[in-house]
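Contents: one structure, followed by commentary.
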Ligand SMILES: Nc1ncnc2c1ncn2[C@@H]1O[C@H](COP(=O)(O)OP(=O)(O)O)[C@@H](O)[C@H]1O
Ligand SMILES: [Mg+2]
């Protein structure tokens, strides 16, 4: 009887979970066509990227990495190191899976940037949008990824498409934050000078703010890529094939060797992507 | 002769304080009754950065605006190109009120009529020197080749040839501001706004740039509104000086007038800071005589040249600018009428300044007693320039 003071009364109950379930079901039923089309489009894109990666012979891919590294980092030593690491992935028997994983990562990054850059620019100039978007970003970053994977799977079915969706939600945050931060921290007097010389709003953005903020924006892009790679294993849980799936299978079967090798392959991918994109932000800093 | 290019009439600029009850009308009324900024802030919640300021700037002059930090100088100059929208008042550029301009007209105004130079330079570090200088031309849509040719001209004008492809970060402060000036001049504006443009520079570099500015202004005839908190700089550069105090204009006058008739104690206190040691040497204030003829030219050419230049005396030089003397209008007329020979008419007995680095202070008495501007010659009696009483007065004021 006096329990009511100690325990939360059971009769006060907000059944939010049911409402959300209903809503997702409602979307599924009424907008099924839309999600079907979305799924088909995304699948097409992922496959396109996957096919293009597959067309490139393995040795050419390694050569490209070596030369791009030389171009960006100015060192053949690093180029050969990265090339050798990729070669290792091949010897593990994971070349094809790597391409599959890469196609998901690349698609996710493309969408993250397509969304993130304009949003970042937008909230840097509008205090109102900023106040609205910030808490949403915080929520996206702290919410456990599985939570939005469930509705994603319900709406789109298992596979690579919900994986891309979940990855974008997770990875888009840093590019938004750092784009807006970079633009806001551009020297006020420089922006004022641009205004004083008769620049239009667009000219200030394109010729002054974005170029001046570029090192910071590149850091954001780098972080977005890293987070996309970090989602690989999580995405495997909703049926995205590739290196992540390999890790998952190994965990289920407690095959340590297989798991570790697949894990190492993911790390190799991450390192190469990180170093190559970091070089952009470092260059801008000089 | 003098033509008003810029006229500021009863300019007010109020900023809202954090007080949500801030009331602009109450503030304006109080200000019109002569209340000071503190009272206005207290009673209306509005901060009066500029209150009832009026002044006029003539084409081709340097108008110096001086006041302590926070007196509203930057706010005023930012109203002159509408970076700030005035709360009340008119700003007439060549008679047209820019406070009524729409966005398009404002862009046009900033692109062609008014350019600005900033205290901390406001240069874009992702562009090199030349491309900073060309910025204004670029956003107007001028082609690359054309704007870079124009840009190079300006780079040369400020003495930065050879630096055009250097990064901004590799330049010293003085050089950065030269880039700032070149960028402003590249637009070929009628009016140049300079907000404490030299305040961030050390004294020697500052002196250099002040001189450079006078040279450029002499050459290009730009109208300049120059803001400073340094009375020496204001008097050195300004043909008119306005003193601001808490957003109100205390006095607008020429440096000479201000010295002889300071409006009140506040102005007097400012003037007490004028430091003669900071003023220029002869080199910095001498100008090329507008009417110069060769000894072999004869009296008719002398008269014609005087008429063309609207002056009443001509400087006569021999081969290689060797200085010979002066001929006045009356004497030249007498020669033509046959009353004198050319040789007799030339005044040769003149005080000369032989060292261009003589401080202006040392030639003041000489200039005061001389009938003509002082002639500056270098080794071998080569004419280098003249120093008029007026230029001495505006540079040396104690
Ligand atoms: N955007 C603004 N908002 C509120 N107050 C401002 C703003 N800009 C300037 N002020 C205030 O107006 C006064 C005059 O500033 P300013 O024109 O920059 O002075 P100065 O250039 O003479 O040092 C200062 O007290 C400053 O705090
Ligand atoms: Mg200021």
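Please treat every number below as a calculation from the coordinates, not as lab data. All values reported here derive from a predicted model rather than from experimental measurement. Glycine gets a Cβ as well: all are built from the backbone with ideal geometry, and neighbour counts include every protein chain shown.
Legend: mean number of C-beta atoms from other chains within 10 angstrom of residue C-beta atoms, peptide B:113-122, equals 4.
Bridge orientation summary for chain B: considering DSSP beta bridges with both residues in this region, about 60 percent are antiparallel.
Helix B:203-220 and the longest principal axis of the C-alpha atoms of chain B enclose an angle of approximately 70°. Using a Gaussian network for chain A with springs between C-alpha atoms less than 10 Å apart, which of these wobbles most: A:201, A:77, A:177? Checking each option, the largest mean-square fluctuation is seen for A:201. Put in order of Cβ neighbour count within 10 Å, fewest first, the listed residues A:148, A:31, A:50, B:315 become A:31, A:148, A:50, B:315.
When the convex hull of its Cα atoms is viewed from all sides, chain A shows a mean projected area of 22.0 nm². Taking a ≥ b ≥ c as the square roots of the eigenvalues of the alpha-carbon gyration tensor, the range A:232-278 is classed oblate because a/c is 1.5 or more while a/b is no larger than b/c.
Sorting A:58, A:11, A:95 by the number of Cβ atoms found within 10 Å of their own Cβ, with the fewest placed first, yields A:11, A:58, A:95. Cβ crowding within 10 Å ranks B:79, A:235, A:88, B:291 as A:88, B:291, B:79, A:235, fewest other Cβ atoms first. Of the beta bridges in the range B:283-396, as assigned by DSSP with both residues counted there, near 70 percent are antiparallel. Shape class for chain B: prolate, because the ratio a/c of the largest to smallest gyration tensor axis (alpha-carbon atoms, square roots of eigenvalues) is 1.5 or more and a/b beats b/c. Taking A:32, A:239, A:128 in turn, the Gaussian network model of chain A (Cα-Cα springs below 10 Å) assigns the largest fluctuation to A:128. If the chain linking residue B:9 and residue B:169 were pulled fully straight, counting 0.36 nm for each residue of separation and taking away their Cα-Cα distance, it would gain 53.5 nm. With distances taken between every two different alpha-carbon atoms, the protein assembly as shown has a Kirkwood hydrodynamic radius of 31.4 Å.
Computed on the range A:18-94, the Cα convex hull volume stands at 167 Å³ per residue. Angle check, please: helix B:299-309 long axis (alpha carbons) against the longest principal axis of chain B (alpha carbons), in degrees 0 to 90, nearest 10. Compared with the principal axis, the helix lies near 0 degrees.
Taking only Cα atoms, what is the 0 to 90° angle, nearest 10, from helix B:103-112's long axis to the longest principal axis of chain B? Between helix and principal axis, roughly 20 degrees. Here is the tail figure for the range B:283-396: Cα pairs spaced more than 18 Å apart come to 49 percent of all pairs.
Put the Cα centre of the range A:1-47 next to the Cα centre of the range B:173-217 and the gap is 65 Å. Considering only beta bridges that DSSP places wholly inside the protein assembly as shown, some 60 percent are antiparallel.
Overall shape: prolate for the range A:112-170, with the ratio a/c of the largest to smallest alpha carbon gyration tensor axis at 1.5 or above and a/b above b/c.
Panel values: the range B:332-398, Kirkwood radius from alpha carbon pairs, Stokes-Einstein at 4 °C and 1.567 mPa s, translational diffusion coefficient 95 µm²/s.
When shorter helices are ignored and each DSSP H run of at least 4 residues is given -39500 (n - 2.57), the per-residue value for chain B at 222 nm works out to -10500 deg cm²/dmol. Given the options A:29, A:208, A:133, which has the most mean-square fluctuation in a GNM of chain A, springs set between C-alpha atoms less than 10 angstrom apart? Fluctuation is largest for A:29.
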